[in-house]
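**Q** Take a look at this one; I'll ask things after.
Every read-out reported here was derived from the displayed coordinates using simple, explicitly stated rules and does not represent laboratory data. All figures in this text were calculated on a predicted structure; none of them were measured in a lab. Cβ: placed from backbone, ideal geometry, glycine included. Neighbour counts: every protein chain shown.
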Amino acid sequence: MKKIIQVDNTKKGLEKYAGYFFLLSLIIIIVLAFLLIKPYISSIFSGIILAYLFYPIYKLLGRFKITKNKNFRAFIICALIVIIILLPMIFISQVLFKESISI
């Protein structure tokens with residue numbers, strides 16, 4: 001008498017689709033993460049550029065005895081960045097305001 005052995009193919013089918021499910025889930029998570037970060041991308045890149053530009057000044061300030069404290073150096077760099085960005089904006093806005101009044 002022959003023995004009939006049945007093979008359960010459903011498990012192999014599920015294993016086959018598990019890889020596709022994982023890949024699809026990963027793609028969905030990456031897309032959702034990008035959509036979450038999308039409004040902040042310009043700010044993140046601006047911060048990276050500012051950090052890259054001002055890090056040498058931060059290191060240079062560490063050579064002086066007065067600015068050995070890292071927090072104080074960070075404060076000086078932040079104040080310098082604010083001054084560099086705000087002063088031209090203030091002058092430009094004053095000129096634009098005067099021009100708008102004269103028109």
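**Q** If R0 is 41 Å, what FRET efficiency do you get for ILE49 and TYR20 from their C-beta distance, rounded to 0.05? Before the final figure, lay out each step's value.
**A** Numbers: r = 40 Å, r/R0 = 0.97.
The calculated FRET efficiency here is 0.55.
**Q** To continue, here is another question. Would you calculate, for the chain, the mean residue ellipticity at 222 nm contributed by helices, counting each DSSP H stretch of 4 or more residues as -39,500 (n - 2.57) and dividing by all residues, to the nearest 500? Provide the component values of the computation, followed by the final result.
**A** Details: 3 runs with 83 residues, N = 103.
After summing the helix terms and dividing by residue count, I get -29000 deg cm²/dmol.
**Q** Then there's this: How far apart, in nm, are the 7 Å Cα→Cβ label points at ILE103 and PHE91?
**A** The modelled label-to-label distance comes out at 2.3 nm.
**Q** Taking 7 Å along the Cα-to-C-beta vector as the label spot, tell me the ARG63-TYR40 distance in nanometres, rounded to one decimal.
**A** 3.6
**Q** Can you tell me the length gained on complete extension of the stretch VAL82 to LYS70, counting 0.36 nm per residue apart and subtracting the Cα distance? Present the calculation step by step, with values, prior to reporting the outcome.
**A** Numbers: separation 12, 0.36 × 12 = 4.32 nm, distance 1.84 nm.
So the extension gain works out to 2.5 nm.
**Q** May I ask you to list, by number, the DSSP H helices of the chain whose Cα span along the axis is at least 30 Å and whose average Kyte-Doolittle hydropathy reaches 0.0 or more? Before the final figure, lay out the partial values.
**A** Values: long enough: 9-37 (42 Å, 1.44); 70-102 (48 Å, 1.71).
Helices meeting the span and hydropathy rule in the chain are 9-37, 70-102.
**Q** Follow-up. For volume of the Cα convex hull per residue in Å³, the choices are [x] 210; [y] 108; [z] 139; which was calculated from the structure?
**A** Calculated volume of the Cα convex hull per residue in Å³: the matching label is [x].
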